[in-house]
Each structure stands twice: as C-alpha cells, then as structure tokens.
Amino acid sequence: ILVYSNQKYDDAWMVDHAVTIRANQWLGSYDQLTLVKGPFGPFFLAVSSKLGISFLTAEQSLHTLACVVVVVALAPVLKSSVSRLLLFAALLFDPISWAAWTFQRVYRSGLTVSQALIIVACMSALFLRRDRSLITLLPWSIGAGLGIASMWHNREDSVWIMPFVLIATMVLIIGVVVRAVHDLRSRRETTRSV
C-alpha cells in the first residue's frame, strides 16, 4: 500500500479531507485547496474507515462488485456460464489492478476504474433490456445514475465519460420512442380489424 504524503494536492489532500469528513466537518476549513479535487474519494475513504474496513479492501470490494455488475448486465448476450466466468476473471484480474498508481495506493484513481465499469454496465443493461418493464429497468437506471454522480465527484476530468453516456441515452430514448410508435400503430391496426 502506498500513500504519498508529500503530494499535498493528491494523496495528502484525500487523507486530510477524509479525516475532516469523519470528524463531521465536511471538507474542513475553506481555503484554496478545498475544492481542488472531487469529494467522493475522501468520502469513500472516510466511510471505509468508519466501517472499520481498510481502504484497499473497500476499493477491491467495489471493483469486484463492478465486475459482477458487468457480467450480470451482459447476461442476455453471454449465454454460456463459461463465457461469463471468463469475462469476470478478465475484468477482476485486469493488469491495471496491479499498478501502483491505482489499486495499491490510497488515492481516488482506483475508484475511477470501478465507476467506469458500473456506468458502462448499467447503460448496456438498459439497452439490452429496453423491451422490459420500467420496474425491471429501474435498478439499472439507479446504478447508472449513482455511477455517473460518484465518478463526476471523484475526478475533475470525468467529463470523458459523458459522450458515451449522452450517446447511450439518446439511443435509449430513440428506442423508447420507436417502440411507443410501433405499439401505437399495432393498437390502431387491432382496433380497425375489430
């Protein structure tokens, strides 16, 4: 585990702000460093600490959950349990998880990988299940929203995920409109034939 305590705008900032969050002082006293980074990383660290879970364990648990979400989201196209297991293993043991600057450092970079996986998985699940009821789609919508919100507040450069989110949302909206028009035409034809 690595903590670069001399990185006052990175690791030290995250740890210092997690301490103030844990002490119920939100991000501490307001100064030029208060909003230099997003608050999700310190919040995640503070919650992990409050629960008595090490940051690395919490981060790895989030990553494992994200891998499971991807596999479940893609279940409609991955029919074989072997293909699901292989995908899960490939995502879980991705070489990025061994990099010192992601999952072996008390910093927010490791969270971004899991957040991106969750966003892509939930948006994919919405597309693959677009013909199902709204109540079935609700958990995937909530997951996508939480993933986007947490990522947006984790890194200041999270805007790179937005083109994917916007295009995926437009595809979903177009799909819903096309389906509604098709259903309306089907009802009209049924009414005319009766």
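The values are calculated or read from the model by the stated rules, or taken from the named source; none is laboratory data. Since the model is a prediction, treat every value here as computed from it, not as a measurement. We place every Cβ from the backbone using ideal geometry, glycine too, and count neighbours over all the protein chains shown. Heads up: the accessible areas ignore ligands, DNA and RNA and are worked out on the full protein's heavy atoms, side chains in. Shrake-Rupley method; radii C 1.70, N 1.55, O 1.52, S 1.80 Å.
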Exercise. Considering (1) in contact with a Pro (Cβ under 8 Å, 6 or more places away or on another chain); (2) at pLDDT below 80; (3) not charged (D, E, K, R), say which one A18 fails and leave the rest.
Key: (2)
Quiz item: Which of the residues spanning the range 84-114 are closer than 25 Å to A144 by Cβ, open to solvent by less than 40 Å² (accessible area, probe 1.4 Å) and of a type outside the set (A, V, I, L, M, F, W, C)?
Solution: S97, T102, Y107, R108, S109, G110, T112, S114
Exercise. For A58, state whether it is surrounded by fewer than 17 Cβ atoms within 10 Å (Cβ to Cβ) and either in contact with a strand residue (DSSP E or B) (Cβ under 7 Å, 6 or more places away or on another chain) or among the small types (G, A, S) (or both).
Key: no
Quiz prompt | Matching residues in the range 1-15 - criterion: being modelled with pLDDT under 80, of a type in the set (F, W, Y) and surrounded by 13 or more Cβ atoms within 10 Å (Cβ to Cβ) | solution = Y4
Quiz item: Under 8 Å by Cβ, and 6 or more places apart or on different chains, what pairs join a residue from the range 174-194 that is open to solvent by less than 80 Å² (accessible area, probe 1.4 Å) with one that is assigned to a helix (DSSP H, G or I)?
Solution: G175/F127
Quiz prompt | Filter result (modelled with pLDDT of 90 or more, within 19 Å of H63 (Cβ to Cβ) and open to solvent by 40 Å² or more (accessible area, probe 1.4 Å)) within the range 153-165 | solution = H153
Exercise. Can you run down the residue pairs with Cβ atoms below 6 Å, 6 or more apart or on separate chains, where the first is in the range 143-160 and within 13 Å of L111 (Cα to Cα) and the partner is open to solvent by 40 Å² or more (accessible area, probe 1.4 Å) and part of a helix (DSSP H, G or I)?
Key: S150/F40; H153/F40; N154/F40; S158/W152
Quiz item: Within the bounds of the range 116-133, is there any residue that is within 30 Å of V19 (Cβ to Cβ) and outside any helix (DSSP H, G or I)?
Solution: no
